[in-house]
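The values are calculated or read from the model by the stated rules, or taken from the named source; none is laboratory data. Model, not experiment: these values are computed from the prediction. Here the Cβ positions follow ideal geometry from the backbone for every residue, glycine too, while neighbour counts run over all protein chains shown.
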Amino acid sequence: EFPGSSSKWGNEKKGSGNPRLMPSVLVFLRDALAHYESGELCTARQAAEEALHAAQPHEHEAFADSLLLLGNISAAEGDFITAERYAATCSCYVEEHLGPQHNGAAVVRLNRAIFLLESLRVQSVTTVAVVEEAHALLLEAEQLPCECLSCGATGVSGGAS
């Protein structure tokens, strides 16, 4: 399952918004995810972009899902700079529209850190500033309160750093 899919955002609302438009966003996202998982990255990108454009102003989670999926597609294509940009945009969007304590905020921060670190690994670069930025994102994500979706327990997502 894609790390930023709606089930991970934690408060999916069925039946909200315009009933004619909401399903099309979900259809585009499901298609994009299916193509992404099967390695059809060009088709996945097209469907994710369609979902991004189909999302209505109140469909914040679908819009964020589309941005994060585009980041994952870019990473799968080996374009970690674009992947990190999508994740950064998604992070700002989630914090502005869903709040910094939203479950999706931690998901996006973790993805940004992974994209930054993977970019360094592929390029064999050891830039301290980028490693520090990725580490800071991991620490921020670690301190966010999280809710266990399976049992409802709450706490801090942290562990040892």
Handout entry: Single unsatisfied condition, G159 versus (1) over 18 Å from the mean Cα position of the chain (by Cα); (2) modelled with pLDDT of 75 or more
Key = (2)
Handout entry: Enumeration of residues in segment 22-38 that are of a type outside the set (A, V, I, L, M), within 17 Å of A75 (Cβ to Cβ) and touching a residue at least 12 places away in the same chain (Cβ under 8 Å)
Key = H35, Y36, E37
Problem - Pairs with Cβ under 7 Å, 6+ apart, first in segment 93-116 and in a loop (DSSP other than H, G, I, E, B), second of a type in the set (D, E) and surrounded by fewer than 21 Cβ atoms within 10 Å (Cβ to Cβ) - result: none
Handout entry: From the options E50, E61, residue that is within 22 Å of I114 (Cα to Cα) and without any contact (Cβ under 8 Å) to a residue 60 or more places away in the chain
Key = E61
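Return yes or no: is E132 part of a helix (DSSP H, G or I) and either touching a Gly at 6+ places or on another chain (Cβ under 9 Å) or surrounded by 15 or more Cβ atoms within 10 Å (Cβ to Cβ) (or both)? Walk me through how you get there before you give the answer.
On the way: part of a helix (DSSP H, G or I): yes; either touching a Gly at 6+ places or on another chain (Cβ under 9 Å) or surrounded by 15 or more Cβ atoms within 10 Å (Cβ to Cβ) (or both): no.
No; evaluated as a whole, the condition is false for this residue.
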Exercise for the section: Looking for whichever is at pLDDT 90 or above, over 23 Å from A44 (Cα atoms), in contact with a helix residue (DSSP H, G or I) (Cβ under 7 Å, 6 or more places away or on another chain) and surrounded by fewer than 23 Cβ atoms within 10 Å (Cβ to Cβ) here; the options are H102, H97. Which one fits? Expected result: H97
Problem - One residue from R30, R45 being among the basic types (K, R) and surrounded by 17 or more Cβ atoms within 10 Å (Cβ to Cβ) - result: R45
Practice task
Only one of these is in a helix (DSSP H, G or I) and in contact with a Leu (Cβ under 9 Å, 6 or more places away or on another chain): A51, A88, A75. Name it.
Solution key: A51
